[in-house]
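The values are calculated or read from the model by the stated rules, or taken from the named source; none is laboratory data. Note that the coordinates shown come from a computational prediction; the quantities given were computed from them, not determined experimentally. Here the Cβ is made from the backbone with ideal geometry for all residues, glycine too, and neighbour counts use every protein chain on show. In case anyone asks, the SASA skips ligands and DNA or RNA and just uses the protein heavy atoms, side chains included. Shrake-Rupley method; radii C 1.70, N 1.55, O 1.52, S 1.80 Å.
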Amino acid sequence: MTRTPAIRDSVGANTAEMGIVLFGLSVGSMAGVVGSGRLVRRVSTRPVIMVGIALVITGVLVIAVGSSAGAALIVFSGLVFVGIGSGLGEVALNIDAAALEKLLKRSVLPTLHGCYSLGTLVGAILGISLTAAQFPVVWHLVLSSIVMAGLGLWAILSIPGGTGASSPDFGSRFGLTTARRKRSVWLQPTVLVLGLVVLAVAFAEGSANDWLPY
């Protein structure tokens with residue numbers, strides 16, 4: 001996000017056009033978040049996290065290509081990949097964290113989310129420093145992809161398999177069909193309120209992330 005102005009200049013986009021380009025991230029994120037739960041139930045969290053990491057890395061490289069070519073559509077496509085990968089990975093990681101809390105019988109989610117914020121801070125400082133040094137945005141993105149690939153490979157080796165996968169007869173043991181389970185979850189007041197809270201926070205965070213660097 002710290003290189004948003006440089007990417008804007010490379011593709012020659014005005015404010016309105018840049019808004020459409022950045023919308024690719026929102027489209028991808030929504031698709032990833034909506035689809036992640038189903039994928040986790042089918043194949044568990046580990047493969048979903050792996051795919052998420054791969055999509056984010058691919059997306060950053062596509063953005064680098066789009067920036068180099070001055071092609072807004074390619075940058076848009078790269079942001080879609082980043083959004084899908086982030087959405088898939090974040091949901092799966094939170095499911096893993098919830099399972100870890102249950103295993104340890106203590107809270108770990110705040111610490112894990114704090115590490116996310118720490119990573120954001122470190123990335124922002126490095127991005128600002130490279131921007132100040134007028135480091136080429138394409139090489140910045142390529143090097144970031146290499147670092148992410150190395151860290152992702154190291155981290156994925158420590159994530160156990162099987163977490164989050166549901167057995168086919170889980171619902172039948174409680175006399176619930178898939179459709180009834182879905183309705184019962186989405187009609188719960190607690191779920192609706194949590195959804196509104198997350199929507200509001202995501203709206204504020206997304207607006208800040210996208211437009212403050214601009």
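Find all pairs meeting these conditions: Cβ atoms under 8 angstrom apart; at least six residues apart or on different chains; first residue within segment 13-34 and of a type outside the set (Asp, Glu); second residue at pLDDT below 90 and part of a loop (DSSP other than H, G, I, E, B).
Short answer, once both residue conditions are applied: Thr15/Tyr214; Met18/Tyr214.
Which one of these is among the hydrophobic types (A, V, I, L, M, F, W, C), open to solvent by less than 80 Å² (accessible area, probe 1.4 Å), assigned to a helix (DSSP H, G or I) and modelled with pLDDT under 95: Ala149, Ala155?
Just one listed residue meets the conditions, Ala155.
Does Gly127 fit the bill of being part of a helix (DSSP H, G or I), open to solvent by less than 30 Å² (accessible area, probe 1.4 Å) and closer than 23 Å to Leu39 by Cα?
no
Quick one: which of Ala92, Ala72, Ala64 is under 13 Å from Gly164 (Cα atoms), touching a residue at least 60 places away in the same chain (Cβ under 8 Å) and either crowded, with 19+ Cβ neighbours inside 10 Å or in contact with a His (Cβ under 7 Å, 6 or more places away or on another chain) (or both)?
Ala92
If you take the residues in segment 19-40 that are open to solvent by 20 Å² or more (accessible area, probe 1.4 Å) and of a type outside the set (A, V, I, L, M, F, W, C), which one is farthest from Val91 (Cα to Cα)?
Looking at residues that are open to solvent by 20 Å² or more (accessible area, probe 1.4 Å) and of a type outside the set (A, V, I, L, M, F, W, C), I get Gly19.
Output the residues belonging to segment 165-214 that are among the polar types (S, T, N, Q), within 23 Å of the chain's Cα centre (by Cα) and modelled with pLDDT of 80 or more.
Ser207
If a residue has to be within 15 Å of the chain's Cα centre (by Cα) and closer than 17 Å to Thr4 by Cα to count, how many in segment 82-122 make the cut?
Residues in segment 82-122 being within 15 Å of the chain's Cα centre (by Cα) and closer than 17 Å to Thr4 by Cα: 3 in total.
Taking Glu90 and the conditions (1) at pLDDT 95 or above; (2) touching a Phe, Trp or Tyr at 6+ places or on another chain (Cβ under 9 Å), which numbered condition does it fall short on, given that it satisfies the others?
Here Glu90 clears every test but (1).
Among what's in segment 75-87 and is farther than 17 Å from Val137 by Cα and not aliphatic (A, V, I, L, M), pick the residue that is most open to solvent (accessible area, probe 1.4 Å).
Phe81
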